[in-house]
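Heads up: the structure comes next, in structure tokens.
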Amino acid sequence: CSLRRTATVEGKDSVALASGYRGKAKASEGSAIVLVERDDEGAIVNVFAGIAGRGGLKADTFYTIRDGNLEEVE
């Protein structure tokens, strides 16, 4: 599967949701980032959710989830 999705949100209390294969997301301070990791067949293997500006999750920074680990990406 080669489909990749990007989600971005601005403003507080929004949600950036990237549920496609190799998706990435970024959110402004106080907004949520939700990422779904899928295998090559499209099955869900991991999920991450967090709030930008809390717990080390940077605001306005793209993230992806790979092998169950959150990673910063461009």
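The values are calculated or read from the model by the stated rules, or taken from the named source; none is laboratory data. Being a predicted model, the structure only gives us computed values, none of them experimental. FYI the Cβ positions are ideal-geometry reconstructions off the backbone, even for glycines, and counts take in every protein chain you see. Surface areas here come from the heavy atoms of the whole protein model, side chains and all, with no ligands, DNA or RNA. Shrake-Rupley method; radii C 1.70, N 1.55, O 1.52, S 1.80 Å.
Per-structure values
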{"quantity": "Prolate/oblate/rounded call for the chain, Cα gyration tensor, a/c under 1.5 rounded", "calculated": "prolate"}
{"quantity": "Heavy-atom accessible surface of the chain: percent carbon and sulfur, 1.4 Å", "calculated": "44"}
{"quantity": "Reachable aspartates and glutamates, given that their alpha-carbon falls under 17 Å from the alpha-carbon of LYS26 and they are not under 8 places away in the same chain", "calculated": "GLU10, ASP13, GLU37, ASP60, GLU71, GLU72, GLU74"}
{"quantity": "For the chain: relative contact order, % (alpha-carbon pairs under 8 angstrom, 6 or more apart)", "calculated": "25"}
{"quantity": "Debye-sum result for the range 1-40 in log10 I(q)/I(0), which assumes one identical scatterer on each alpha carbon, at q = 0.20 Å⁻¹", "calculated": "-0.52"}
{"quantity": "Cβ-derived FRET efficiency at R0 30 Å, GLU29 paired with ASP67, nearest 0.05", "calculated": "0.60"}
